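Only one structure is covered here, and it is reproduced in the block below.
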Amino acid sequence: MNLTPMQHDALLESFNIAVARAAVSLSHLLREEIQISVPDMGFLGLNDATIQLCQLYREEISVVTQFFEGDIQSRAMLITPSSSTRKIVRLAVGDLVTDSDLPEFEEEAIAEVGNILLNACIATLANQLRLDLRSTPPSFVRDDPKNILSGPLVAANDRVLMVHISLTIRNYQIVARLAFLLDARSNSILATALNQLIERYAHGVLAA
Amino acid sequence: MSKISLSALIIDDDELMRMMIAEALVPLGFTIVEAEDGERGVQAFSQNPPDLVFLDLLMPGINGIEVCRQLRASPLGRTVPIVMVTGQDDRESIDQSFQAGATDFISKPIHWPMLSHRVRFIMQSASAMRDIVQSEARLHQAQRLAGLGSFEYELATRLFHPSPNLAALLGMTGDENARLGDLKPGFSDHEWALILELATHARDTGQSRMAEVHSLTGHSYRVQIEVFADEGKLGLRGNLLDITDLRVAQDHAAYLERHDPLTGLLNHEGFVAALDKMSALARRRKSDLPVLLIDLERLRRVRDGFGHRVADELMQAAASRLSKCSDDLGMGTLRARITSDEIAVIFEGATEPESIIEASEKMLATLEAPFESSGQSFRLQPAGGLAFYPRDADTSETILKAARTALRKEGEAGRALHFYDAESDATLTRRLRLEEDLRDALAQGHLELHYQPLVRVSDRQPVGVEALLRWHHPQLGAITPTEFIPIAEEIGLMHELGAWVLHEACGQAARWHADGIELDEMAVNVSGLQLADPEFSQRVAAALKSSGLNPARLVLELTESVLVHDDLAAIEQLHRLKSLGLRLALDDFGTGFSSMVSLTRLPIDVVKVDRSFVQAAPTQRTAAAVVEAILALAGRLGMETVAEGVEEHAQFDFLTSRGCTTAQGYMFQRPQSASDITRHLEKTPGNSLKILIVDDSRLSRLMLSTLIKTQLPSATIVEVDTATEAIGAIERERPDLVTLDLNMPHISGMEIAAALRPTHPTLDIAMLTANFQDSIVQQARELNLRFFVKPITEVVVASILAPYEKGGKSS
């Protein structure tokens, strides 16, 4: 699907609102001030998306995946370079977990960060777009960037909504991607929902 | 000359001369005896020894010189002054007279007025001389008794003057004309050279030296030679002290110092000295020195039972068997009696381990055969520990310790010989240390009682505690009762320890009662040793009395093993205890040897099912069958049942369904100090908030439980990790509050809440999720759930707990 400039702006604005809420949640979790911005986003085919990921990350990546169901179906992923996750893990668990136990909790901690970030985005989007969405518990893998968008659950004509995210914690910047795999039906429902949102903007329905 | 009894003998053939001399002597107080020739003179002298003799030099018959010589030779004539009278003033006669022993010489014509003065002087000199001779005689006597002899040797003339007893002292025949060289045959060349060296040293340096020399007859002398100068003559004076007896005594003392008087073996000192010597050799050879320590432990009992004499006889017999065995083996050994019942054997020449082991086993075998004493047969049951010096230990003390450690090792049954190994030594060292420290632990407050709650299965309220003894060793840390209780039993500390535990536990229970903490049960463990004490029931009664604790609240826990024998005394003891009004529990049931039958036979009120069965019951059919059988039988006999070591819900569910009355374990509470457990018990039951955490994420559960405990320490927290378990847990636990994760595998939190609401319309459920979209919030509201957005933070938990702060639940 190709978004009209208006749809693009509306969706980008929705994501900005979503990550702002996610930043508040995450800063509670990590007890640090966190800034998240969304410089860009776009729809890509599977191949182009994979090429982009491979160019961006020349190392192993950590991926938190959640499935969303309801009005639209999507596989949502938070993609970060593995090297950047350990710093977040320590912040996430605080002093609940000793150094020796830390590796054991690492995946759960990253999954929880993904859970909060993805749910904050989905919940904000769902609220704005008036959609009803349920999420499954987060799962976590580390893998090569080229393998992320393949697998039995991926249909060849799926499109990837690739959202660029810049996360800054204490001067430490993490370049992350949110990727939403959407099938054709979901794409069209999203487009409709976006149009309705634009309409509501136009009528000032969301002013309050 | 006031002495009246003085007599003088005048021997002269000239009568006139005799008269004139008598005339001169009478005024001086002398009585006079006269003799007209030498023979009569000698005779008169021997009949009545005079104080003074006047003797004519020239007489018919024997002349004066010969008479003088004869008088001097008689015992009484040695000191009497003899004045020679002669008409000749020739030198030769005078010399001869003096050589014959004359005291003085008067030549004719006699100057009579001078004679009285001269006699007076002679008498004074004689008296002085007598004193000297007497003191010299005494000296010689003393020297003889002391084994002291002396000699003088004039360097210029080579004259040798031995003291009278010197010859006897040296075992030689005496000779007036002795020469220094006469001493030589008594000594070996080496010893003689030693004496000459002393002499030359004295002569050349003027300084005296002392040396010990040994004669060929086996005597020892301390010899000192010094230089003396007398009237311009230079000589050497030698003193000899016979120290043979001293040396013999010293050697004997030295022997006794190093040997055991009973067996003639080396003693401990001797062993140390021998090992020191041999260790140098072993080091040079770079081989290990095997040391076998043999313990005749039975000998101790023989000594107690049959007395020292029998034990000594057996020890002697054992020692001689060992020396015979050693001879038979043809192996050089050194044997020492180390303690009253231990003999150490050092194998001097052995190098092959096989031959040492074989020899050791033969030695033990020879001691294993029965001994006879007083018509009785004794078996000493020897045990041997073998250690190698310096491989296992490198001092004489530590090698014995190592061998002893090996000896005490619990080895394969039937084997009497054990080898040292460092690992078991460490165990023993630790044990010995604990033995030592345990004696002081009580006084120093290192022992403490901890308490673990006993929980009623029906409502999970604490109904009692079990008192558990804890030892915190200042250096070694926590020591478990399984380690130190057997030690306490062995060193005879169990009664004291047991009494302390009883008093402490009863006192604590009474204090809790006074503070309004009502517990039905204070369980105290009782060891077999305590139970065997005939006065145990009195001790328990005393503890109850002094604490004021209601006896019905005291439960004594006994292990099966203390009742394994059909011991009537033990059963009587149990009845005596029961008559005090307390209850008895059978601990660790299922592990011991007793059968279910013992439950019917013994006056038992409570059966505690051993943890091993409890923990295995949910997964193992046999364990489950055992637990079921115990619970069923105990239930039918009207006994209370306690499941020990409950750690998991599955175990608890199993017990609940099988009718167990009470449970104990980490699932509810670990053993804690009195103050900690008091805090736990203080929250009055029913007012304590029970929270069920339902979340698939371990991290989330950890965060929730940690934050809840911080904010509401009295809360009881139960956790489940799957949605499927949640409903069962809610039925079972009846929590006041459920925190429910929305996002869980298979079933969402929302579905669980929906399923619960019809039966639990008022249950407080806090839904936690990162997904805060409106539709979900709406659904939560419709199900009367409280809605909280993750992450889990202090603020979020505070909001969840807000209704429960300031006491009391609100819905």
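Lys/Arg Cβ at +1, Asp/Glu Cβ at -1, dipole of the protein assembly as shown taken about the Cα centre: which of B:Gly638, B:Ile132, B:Met331 is farthest positive-ward?
Checking the options against the dipole of the protein assembly as shown, the answer is B:Gly638.
Helix A:184-202 versus the longest principal axis of chain A: what angle, 0 to 90°, nearest 10, using Cα atoms?
That works out to roughly 70 degrees.
Among B:Pro164, B:Ala274, B:Val80, whose Cα lies farthest out toward the positive end of the dipole of the protein assembly as shown, if unit charges sit on the beta carbon of Lys, Arg (+1) and Asp, Glu (-1)?
B:Ala274
Output wanted: per-residue J couplings in Hz (rounded whole) for the range B:484-501, from phi through Karplus 6.51 cos²θ - 1.76 cosθ + 1.60, θ = phi - 60°, x for Gly and Pro.
9, 5, x, 5, 4, 5, 5, 8, x, 9, 5, 5, 5, 5, x, 5, 4, 4
Which of the peptides A:160-170, B:533-543 is most tightly packed, and how do the rest follow, judged by the mean count of other Cβ atoms within 10 Å per residue? Could you put the intermediate results ahead of the total?
Numbers: A:160-170: 19.5, B:533-543: 16.7.
Ranking, from highest mean packing down: A:160-170, B:533-543.
Note the angle between two axes, namely the Cα long axis of helix A:5-30 and the longest principal axis of the Cα atoms of chain A, as a number of degrees from 0 to 90, rounded to the nearest 10.
Taking the Cα atoms of chain A, the angle to A:5-30 is about 30 degrees.
Work out the length of the dipole vector of the protein assembly as shown about its Cα centre, built from +1 on the beta-carbon of each Lys and Arg and -1 on the beta-carbon of each Asp and Glu, and round it to the nearest 20 debye.
Values: 96 positive and 138 negative charges, 533 e Å.
Computed charge dipole of the protein assembly as shown: roughly 2560 debye.
Give or take rounding to whole Å, what are the principal axis extents of the alpha carbon atoms in the range B:679-794, in descending order?
Extents along the principal axes, in whole Å: 44, 30, 22.
So which of B:Lys324/B:Lys362; B:Lys277/B:Lys401; A:Lys146/B:Lys790; B:Lys608/B:Lys690; B:Lys286/B:Lys362 end up more than 21 Å apart, counting from Cα to Cα?
Among B:Lys324/B:Lys362; B:Lys277/B:Lys401; A:Lys146/B:Lys790; B:Lys608/B:Lys690; B:Lys286/B:Lys362, the Cα-Cα distance tops 21 Å for A:Lys146/B:Lys790; B:Lys608/B:Lys690; B:Lys286/B:Lys362.
Roughly how many Å is it from the Cα centre of the range B:323-381 to that of the range B:6-56, as a whole number?
Their Cα centres are 87 Å away from one another.
Given the Cα atoms of the range B:389-535, and with Rh set as the inverse mean 1/r over their pairs in the Kirkwood sense, what is Rg to Rh to two decimals?
On the way: Rg = 20.6 Å, Rh = 18.3 Å.
My calculation puts Rg/Rh at 1.13.
Would you please name the GluC sites (Glu not before Pro) within the range B:175-253 that are DSSP coil residues with at most 11 other C-beta atoms within 10 Å of their C-beta? Mind dumping the intermediate values first?
Details: sites: B:Glu176, B:Glu191, B:Glu197, B:Glu212, B:Glu226, B:Glu231; in loops: B:Glu176, B:Glu231.
Answer in residue order: B:Glu176, B:Glu231.
For chain B, find the longest principal axis of its Cα atoms and tell me its angle to the long axis of helix B:723-733, 0 to 90°, nearest 10.
Between helix and principal axis, roughly 80 degrees.
Using mean Cβ contacts within 10 Å as the protection proxy, how do B:695-705, B:70-80 order, highest first? Could you put the intermediate results ahead of the total?
Numbers: B:695-705: 21.5, B:70-80: 15.5.
The packing order, highest mean first, is B:695-705, B:70-80.
Using only the Cα atoms of the range B:206-302, build the gyration tensor, take square roots of its eigenvalues as a ≥ b ≥ c, and label the shape rounded, prolate or oblate: rounded if a/c is under 1.5, else prolate if a/b is larger than b/c, else oblate.
Working: a/c = 5.29, a/b = 2.42, b/c = 2.18.
It comes out prolate by the Cα gyration axes.
Could you let me know the centre-to-centre spacing of the range A:167-184 and the range B:689-721, using Cα atoms, in angstrom?
32 Å
Ignoring everything except DSSP H segments at least 4 long, calculate the 222 nm mean residue ellipticity for chain B; use -39,500 (n - 2.57) per segment, divide by total residues, nearest 500. Could you put the intermediate results ahead of the total?
Working: 29 runs with 366 residues, N = 811.
Computed mean residue ellipticity for chain B: -14000 deg cm²/dmol.
Just to confirm a number: summing +1 for Lys and Arg and -1 for Asp and Glu over residues other than A:Arg130 whose beta-carbon lies under 14 angstrom from that of A:Arg130, what do you get? Numbers along the way, then the final one.
Working: positive: A:Arg200; negative: A:Asp71, A:Asp132, A:Glu199, B:Asp774.
Charge balance in the 14 Å sphere: -3.
Sorting check: for B:330-337, B:518-525, which peptide has the highest mean count of neighbouring beta carbons within 10 Å, and how do the rest follow? Each step should come with its number before you reach the end.
Numbers: B:330-337: 19.1, B:518-525: 21.1.
Output ranking for B:330-337, B:518-525: B:518-525, B:330-337.
In a solvent-free Debye calculation with one equal scatterer on each Cα, what is log10 I(q)/I(0) for the range B:7-135 at q = 0.19, 0.22 Å⁻¹, listed in the order of the q values?
So the normalised log intensities work out to -1.05, -1.48.
In whole Hz, what ³J(HN,Hα) sequence does the range B:211-217 give by Karplus (6.51, -1.76, 1.60; θ = phi - 60°), x for Gly and Pro?
Running phi through 6.51 cos²θ - 1.76 cosθ + 1.60 with θ = phi - 60° gives 8, 9, 10, 10, 7, 5, 7 Hz.
Charges only on Cβ, +1 for Lys and Arg, -1 for Asp and Glu: so what's the dipole of the range A:5-202 about the Cα centre, in debye to the nearest 20? Mind dumping the intermediate values first?
Values: 16 positive and 24 negative charges, 79 e Å.
Rounded to the nearest 20 debye, it is 380 debye.
Based on alpha-carbon positions alone, could you give the equivalent ellipsoid semi-axes of chain A from the gyration tensor, as √(5λ), descending, whole Å?
Values: eigenvalues 159, 84, 44 Å².
For chain A, the ellipsoid semi-axes come out as 28, 20, 15 Å.
Which ³J(HN,Hα) values, rounded to whole Hz and listed in residue order, are derived for the range B:25-31 from phi using the Karplus coefficients 6.51, -1.76 and 1.60 in 6.51 cos²θ - 1.76 cosθ + 1.60 with θ = phi - 60°, glycine and proline given as x?
8, 3, x, 7, x, 8, 9
Write down Rg/Rh for the range B:266-420, rounded to two decimals, with Rg from the C-alpha atoms and Rh from the Kirkwood relation over Cα pairs.
Values: Rg = 15.0 Å, Rh = 15.6 Å.
Rg/Rh for the range B:266-420 comes to 0.96.
Would you mind giving the mean number of other chain beta-carbons within 10 Å of the Cβ of each residue in B:772-780, as a whole number?
On the way: counts 9, 15, 6, 10, 7, 2, 1, 1, 0.
Going residue by residue through B:772-780 and averaging, the value is 6.
To the nearest 20 debye, what charge dipole does the range B:342-391 have about its Cα centre, counting +1 at the Cβ of each Lys and Arg and -1 at the Cβ of each Asp and Glu? Before the final figure, lay out the partial values.
Details: 3 positive and 8 negative charges, 30 e Å.
So the dipole magnitude of the range B:342-391 works out to roughly 140 debye.
Net charge within 13 Å of B:Leu692 by Cβ-Cβ distance, Lys/Arg positive one each and Asp/Glu negative one each, not counting B:Leu692 itself?
On the way: positive: B:Arg460, B:Lys690, B:Arg701, B:Arg732, B:Arg734; negative: B:Asp695, B:Glu719, B:Asp721, B:Glu725, B:Glu731, B:Glu733, B:Asp736, B:Asp741, B:Asp764.
Around B:Leu692, the surrounding residues sum to -4.
Using amide H atoms built in the peptide plane, which far-off residues or other-chain residues are under 5 Å from B:Ala35 H to H?
For B:Ala35, whose amide H was placed from the backbone, the distant partners under 5 Å are B:Ile10, B:Ile11, B:Asp12.
Taking every Cα atom in chain B, find the radius of gyration and the maximum pairwise distance Dmax, and write them in Å.
Cα-based Rg and Dmax for chain B come out at 53.7, 178 Å.
Using alpha-carbon positions, what is the distance between the centroids of the range B:93-164 and the range A:130-161, in Å?
Spelled out, the Cα-based centre of one part sits 140 Å from the other.
So for the protein assembly as shown: antiparallel DSSP bridges make up what percent, rounded to the nearest 5? Show your work: numbers first, answer last.
Values: 107 of 169 bridges.
Around 65 percent antiparallel, to the nearest 5.
Hey, what's the per residue convex hull volume over the C-alpha atoms of the range B:260-338, in cubic angstrom? Let's see the in-between values first.
Details: hull volume 7.2 nm³, N = 79.
Per residue, the Cα convex hull of the range B:260-338 comes to 91 Å³.
Hey, got the average number of other protein chain Cβ atoms within 10 angstrom for residues in A:29-40? Don't jump to the answer; show the numbers that get you there.
Details: counts 6, 1, 3, 0, 0, 0, 0, 0, 0, 0, 0, 0.
The shielding value for this peptide is 1.
Could you give the Stokes-Einstein D for the protein assembly as shown in µm² per second, using the C-alpha Kirkwood radius, 20 °C, 1.002 mPa s?
On the way: Rh = 41.8 Å.
Here the translational diffusion coefficient equals 51 µm²/s.
Let me confirm one metric for peptide A:116-122, namely the mean number of other chain beta-carbon atoms within 10 Å of its residues' beta-carbons.
Per residue, the number of nearby Cβ atoms from other chains is 4 on average.
Only the coordinates and a few stated rules stand behind these numbers; no lab work does. Computed from a predicted model, the values in this text were never measured in an experiment. Quick reminder, even Gly has a Cβ in these numbers, built from the backbone with ideal geometry, and neighbours come from all protein chains shown.
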